[in-house]
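The values are calculated or read from the model by the stated rules, or taken from the named source; none is laboratory data. In this text, all values refer to a predicted model and were calculated from it rather than measured experimentally. Here the Cβ positions follow ideal geometry from the backbone for every residue, glycine too, while neighbour counts run over all protein chains shown. Protein only, heavy atoms only, side chains kept; ligands, DNA and RNA dropped before computing areas. Shrake-Rupley method; radii C 1.70, N 1.55, O 1.52, S 1.80 Å.
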Amino acid sequence: MKTTNSAPPINIKGSEEKNLKKFLQKDFTPYLVFAIPLAFMAIFLVYPMVVTMLRAFMPSGNKLVLGNFSLQGFTKFFESAMYQKALLNSFIVSLAVTFFCVLIGVPMGYFVARVKMPCKNLMLSLGILPIIMPSFVGAFTWVILLGRQGVVRHFLNFIVTPLGIEIPTIYGMFGMILCMTLTYYPFVFQLSYGAFASANSLLEEAGMLMGAGRWHIFKTITFPLILPSLGAGALLVFVRAIGNFGIPAIIGGDKYVLPTLIYFRVNGFWDLNGAASIAVVNVLITALVLYLQKRVINRHEYETISATHSEIKLHEGKGIRIIAIVYCVIILVVSLLPQITIIVMSFFEKWVGLFPEGFTFRNYLRIPQYSNKELFNTFYLSILATGLAAILGSLIAYITERKKPKGAALLDLSIMAPFILPGTVVSVALLSAFSGSSLIKLTGTYTIIVISYMVRRTPYVYRSVAASLSQLNPSLEEASTIAGANWFYTFRRVSVPLIMPAIISGSILTLTTLLQELSTTILLYSSRTRTVPIQIYGAVADGKLGEASALSVILLVVVFGIVYLMNHKQGKSIASSFKMG
């Protein structure tokens, strides 16, 4: 008799129930929490940029019709004299501003870092003030100083006119380059100062022992070591200069640049497709410069292998100390003239010739009556956007640094992309996606401004928190998880307290820049959502310089006060808050 052994039956139903039970017991909180920032990025950054790219290849107008592709928006750069001049002007202004910022900032950074001189901390703090003040505010103060009836121009012409020389007015290319240079040189100054102060002096001392001269040592040892910081500062300046709207709009005169050309296409003709084409060209230029900067830095990057660090020996010679002090004082005084002028002008009705006229407190007394709504909008939009950007940036930083998903590099690139995008480009992208017959129509609302602020400024919080997380050992978080805590409890009670200083630092930088934001808001605001920077811009256009000055002083005091108080509480210098640019 033959017997066969059969395998025991598999209980498929019981196995499925067990897997389902295990699946339902899983903590889905992190997945749900992480889905929110990813959805935001997809809807309000990726989608608008895709729509902008599509609109760039459409005929002029505001209609988005797939299949009706055209290169009309790009051919204008070969056919239209206005487009060609705007493109050329953008290149000239951005490259010139970058060159002069490096020319001014590097020697100043070297002097403050390497020369024995008094009041270094004061110089570092004063050197950051031009960045704190809105650039368009600096522009109209230079109109007071170097305009057709400007006080400084009047004085200089009195001296040089007998020689047959006349100082040009601030309007045009000269004014844009001067104003942007004196606004953005602190980026190069602060970064080069940090590089000179932290560079290992052992190599320089070794070069001196071998008989090399100071210039040869600087050229072959010091300069290569500071090149990455110098490249970062130059890139920051170029990106800010090519995307600046306020300065060219106020003192550019008839000299268009790409941001003012975008404003002209949208505000004058509601030509979203044409504006999208210009925006794409602007982004391509920025991306090309970023690529070239990285390539140059990578080819010439050096690092010291030795862990030994020698204290830098400061120059103590009388001659170099006099040159350093005089140079730094001159640069600071010239760059701070707008702040001084704006405070004085806020107490007068007008400024013609050498002295202001019509002393009055009316400019300040009128603010509660005429700027109530604008002040509320400015603080409401800025604070709300800052809070949301802090949450968004912290969550995305946690995803990229702790969870490290496969697309972490792409997520990092997406969140940082708006950092190099001009405000007008972000505005055009949002208008392209959420106006007209769009499924979600946001034009003229508070929502679209808050979204634009978040898209542009979340990188500040993201970078700050990501840097903090990369330096923190995850062992405390792992211990919490092993002890039985769920993800949300661990994140709230362990991770957040550890990264809170980084969140605060990034949020302060976000808030102070949003309070003075103009280039993004200028294309998105309505009569209901007008902010203080928009009101200042309008007052300058109407010639109400006293009113504009008083509002600017209020804005300047608030921004400076926030930065000073938070850094004083954290024991940092004022300059440290603006290292991210």
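Odds and ends about this structure:
- Complete set of residues in region 356-403 that are within 23 Å of the chain's Cα centre (by Cα), among the hydrophobic types (A, V, I, L, M, F, W, C) and farther than 22 Å from Thr512 by Cβ: Leu395
- Those helices (runs of 4 or more DSSP H) lying entirely in region 122-191 with at least 3 residues surrounded by fewer than 20 Cβ atoms within 10 Å (Cβ to Cβ), over 22 Å from the mean Cα position of the chain (by Cα) and in contact (Cβ under 8 Å) with a residue 12 or more places away in the chain: 151-160
- Residue match in region 557-571 (condition: outside any helix (DSSP H, G or I), at pLDDT below 85 and closer than 30 Å to Asn121 by Cβ): yes
- Check on Phe78, over 23 Å from Phe264 (Cα atoms), open to solvent by 20 Å² or more (accessible area, probe 1.4 Å) and not aliphatic (A, V, I, L, M): no
- Flag not set for Glu303, criterion: over 25 Å from the mean Cα position of the chain (by Cα), of a type outside the set (Ser, Thr, Tyr) and at pLDDT 80 or above.
- Selection within region 490-505 - surrounded by fewer than 14 Cβ atoms within 10 Å (Cβ to Cβ) and more than 31 Å from the chain's Cα centre (by Cα): Arg493
- The single condition from (1) assigned to a helix (DSSP H, G or I); (2) open to solvent by 20 Å² or more (accessible area, probe 1.4 Å); (3) modelled with pLDDT under 85 that Leu64 fails is (1).
- Of the helices (runs of 4 or more DSSP H) entirely within region 407-501, those holding at least 2 residues that are within 21 Å of Pro259 (Cβ to Cβ) occupy 423-433, 446-471.
- From Leu236, Leu261, residue being modelled with pLDDT under 90 and assigned to a helix (DSSP H, G or I): Leu236
- Contacts under 7 angstrom Cβ, first residue in region 355-374 being over 15 Å from Ala539 (Cα atoms), partner in a helix (DSSP H, G or I), 6 or more apart: Pro356/Val344; Pro356/Met345
- Condition broken by Tyr370, with the remaining ones in (1) aromatic (Phe, Trp, Tyr); (2) within 20 Å of Val266 (Cβ to Cβ); (3) open to solvent by 10 Å² or more (accessible area, probe 1.4 Å) satisfied: (2)
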